[in-house]
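The values are calculated or read from the model by the stated rules, or taken from the named source; none is laboratory data. Please read these numbers as outputs of a predicted model, since none were measured by experiment. Positions of Cβ are backbone-derived with ideal geometry, glycine not excepted, and every protein chain shown enters the neighbour counts. Side chains included, ligands, DNA and RNA excluded: accessible areas come from the protein's heavy atoms. Shrake-Rupley method; radii C 1.70, N 1.55, O 1.52, S 1.80 Å.
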Amino acid sequence: MRLSDDKANKLAKLTTDLLAEMPEVEFKEPYDDIRQEIRRIMKELLDAEENLDKAARQKIESQRRTILEGSQEWEILYRKYYNEEVKKLGI
Amino acid sequence: MLLSKEYVGYLAQQVVKRLMDGKFIETKQLPTVVEKVNATLSEEMALEDRINEEVRVILEAYSDEMRKGGVNYQEMFKKVKNELVRKYRAVL
């Protein structure tokens, strides 16, 4: 997971608080159960996202010549390969 | 932002959908709920970018003094950034 645990926890709490405030949303389970479920879902999806990042990096590394991370060329290729991986998920 | 805008949108959609599938929440306005969750997640994910930008603006104002004093930009960037993280009580 590319986010820190603290950040992921913060996102889960913010999301739970938002849903709790929305009149359009009805909670069917206690607040904490929902917060923990959101945290679990996020962990699963953030772990999956890490695979997109790794796949993009591997594609760059498999190039015949060395492309330095942080260079403009690296950034362009990373975005291109990352977006290709995102499209495979149907996003 | 560490995650792409598209992936944050996907995250928002999946969180709401899975909460509904698991009977944790109910809503008759799924698109509205997803949009609001997406906006909240996107804003929080962009926090570090906003802090970095504020640091750059601050350092630019002091760039002449830093150059004259031989101050290392990277070190000063980290120092000022840590100050702002503390000030905003940000979680990065």
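Listing for the model above:
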item: Those residues of the stretch B:58-91 which are open to solvent by less than 80 Å² (accessible area, probe 1.4 Å), in a helix (DSSP H, G or I) and away from every other protein chain (no Cβ under 14 Å), in sequence order; result: B:ILE58, B:LEU59, B:ALA61, B:SER63, B:MET66, B:GLY69, B:MET76, B:PHE77, B:VAL80, B:LYS81, B:LEU84
item: Test: residue in the stretch B:40-57 that is at pLDDT below 95, part of a helix (DSSP H, G or I) and within 7 Å of another protein chain (Cβ to nearest Cβ); result: yes
item: Members of the stretch B:29-39 that are surrounded by fewer than 20 Cβ atoms within 10 Å (Cβ to Cβ) and facing chain A (nearest Cβ under 7 Å); result: B:GLN29, B:THR32
item: Residue within the stretch A:59-81 that is part of a loop (DSSP other than H, G, I, E, B) and on the phi > 0 side of the Ramachandran plot present; result: yes
item: Among residues of the stretch A:1-18, those that are more than 9 Å from chain B (Cβ to nearest Cβ), open to solvent by 30 Å² or more (accessible area, probe 1.4 Å), closer than 16 Å to A:LEU45 by Cα and part of a helix (DSSP H, G or I), counted; result: 1
item: Condition broken by A:ALA56, with the remaining ones in (1) open to solvent by 40 Å² or more (accessible area, probe 1.4 Å); (2) more than 30 Å from B:PHE24 (Cβ to Cβ); (3) within 12 Å of chain B (Cβ to nearest Cβ) satisfied; result: (1)
item: Count - residues of the stretch B:1-27 that are in contact with a strand residue (DSSP E or B) (Cβ under 9 Å, 6 or more places away or on another chain) and open to solvent by 30 Å² or more (accessible area, probe 1.4 Å); result: 3
item: Of the criteria (1) touching a Lys or Arg at 6+ places or on another chain (Cβ under 6 Å); (2) of a type in the set (D, E, K, R); (3) modelled with pLDDT under 95, which one A:LYS28 fails; result: (3)
item: The stretch A:44-89 - residue that is under 20 Å from the mean Cα position of the chain (by Cα) and hydroxyl-bearing (Ser, Thr, Tyr) and, of those, farthest from B:GLN13 (Cα to Cα); result: A:TYR78
item: One residue from A:GLU50, A:GLU37, A:GLU21 being open to solvent by 60 Å² or more (accessible area, probe 1.4 Å) and either closer than 23 Å to B:LEU47 by Cα or not aromatic (Phe, Trp, Tyr) (or both); result: A:GLU21
